[in-house]
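K.L.:
My structure is below; once you've seen it, I'll send some questions.
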Amino acid sequence: MDSESERWTIRSKLCFVAAGALLTLGAASTNLVHFALSRSVPAADATVTSPAEVRLWFTEAAEAGTVGIRVVDPAGAAVETADVVQDRADTKIYSVAVGRRLSAGRYTVSWRGVGDDGHTVQGNYAFTVSAAQ
């Protein structure tokens, strides 16, 4: 085999090894899911009738006592809610009961929690309560 063929063979092998390493790292990183919001009711950007509760699904259960859920009305005032409740059947679900019927407008849900890795994660989303109820 001439030296050009040998170099081509070595380069090809290195490319395959590098591609394999990247695939392995990619597969490993998908297993490292951090605490994050995965679903909500009301859903982000949804238009709904006045909800009785706000329910959040996370990718993992948070450290005990660290989840906070706050609902803010269109004027920027906090909506009265009950304490945060963790679902007994699925510990990744948390909810708050809404203390009153919500009037029409755009509401913001702000949440925060601490995951297994000790990092505080927070976020928010909005939903709209329709005028026709």
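The values are calculated or read from the model by the stated rules, or taken from the named source; none is laboratory data. Computed from a predicted structure; not experimentally measured. Reconstructed Cβ throughout: ideal geometry from the backbone, glycine too, with neighbour counts over all protein chains shown.
K.L.:
Taking segment 101-128 as the region of interest, how many residues are outside any loop (DSSP other than H, G, I, E, B), more than 16 Å from the chain's Cα centre (by Cα) and polar (S, T, N, Q)?
P.N.:
Residues flagged as outside any loop (DSSP other than H, G, I, E, B), more than 16 Å from the chain's Cα centre (by Cα) and polar (S, T, N, Q) within segment 101-128 amount to 1.
Matching residues to (1) under 21 Å from ASP45 (Cα atoms); (2) of a type in the set (A, V, I, L, M, F, W, C):
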residue	(1), (2)
VAL72	yes, yes
ALA75	yes, yes
GLN86	no, no
SER95	yes, no
ARG101	yes, no
GLY113	no, no
TYR125	yes, no
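K.L.:
Which one of these does ASP45 not meet: (1) within 17 Å of SER95 (Cα to Cα); (2) in a loop (DSSP other than H, G, I, E, B); (3) at pLDDT 95 or above?
P.N.:
Unmet for ASP45, out of (1) within 17 Å of SER95 (Cα to Cα); (2) in a loop (DSSP other than H, G, I, E, B); (3) at pLDDT 95 or above: (1).
K.L.:
Same structure again: Of all residues in segment 45-84, how many are of a type in the set (Ser, Thr, Tyr) and within 11 Å of ALA97 (Cα to Cα)?
P.N.:
Count: 1.
Yes/no per residue for (1) surrounded by 15 or more Cβ atoms within 10 Å (Cβ to Cβ); (2) in contact with a Lys or Arg (Cβ under 9 Å, 6 or more places away or on another chain):
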site	(1), (2)
PRO74	yes, yes
ASP83	no, no
ALA89	no, no
ILE93	yes, yes
VAL96	yes, yes
ARG101	no, no
GLY113	yes, no
GLY123	no, yes
THR128	yes, yes
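K.L.:
Mind checking which residues of segment 89-100 are in a strand (DSSP E or B) and within 15 Å of the chain's Cα centre (by Cα)? Before the answer, list the steps.
P.N.:
Step one: filter segment 89-100 for residues in a strand (DSSP E or B), giving 93-98.
Across segment 89-100, the qualifying residues are ILE93, TYR94, SER95.
K.L.:
Could you tell me whether GLY65 is assigned to a loop (DSSP other than H, G, I, E, B) and not aromatic (Phe, Trp, Tyr)?
P.N.:
Details: assigned to a loop (DSSP other than H, G, I, E, B): yes; not aromatic (Phe, Trp, Tyr): yes.
Considered against the rule, which asks whether it is assigned to a loop (DSSP other than H, G, I, E, B) and not aromatic (Phe, Trp, Tyr), GLY65 comes out as yes.
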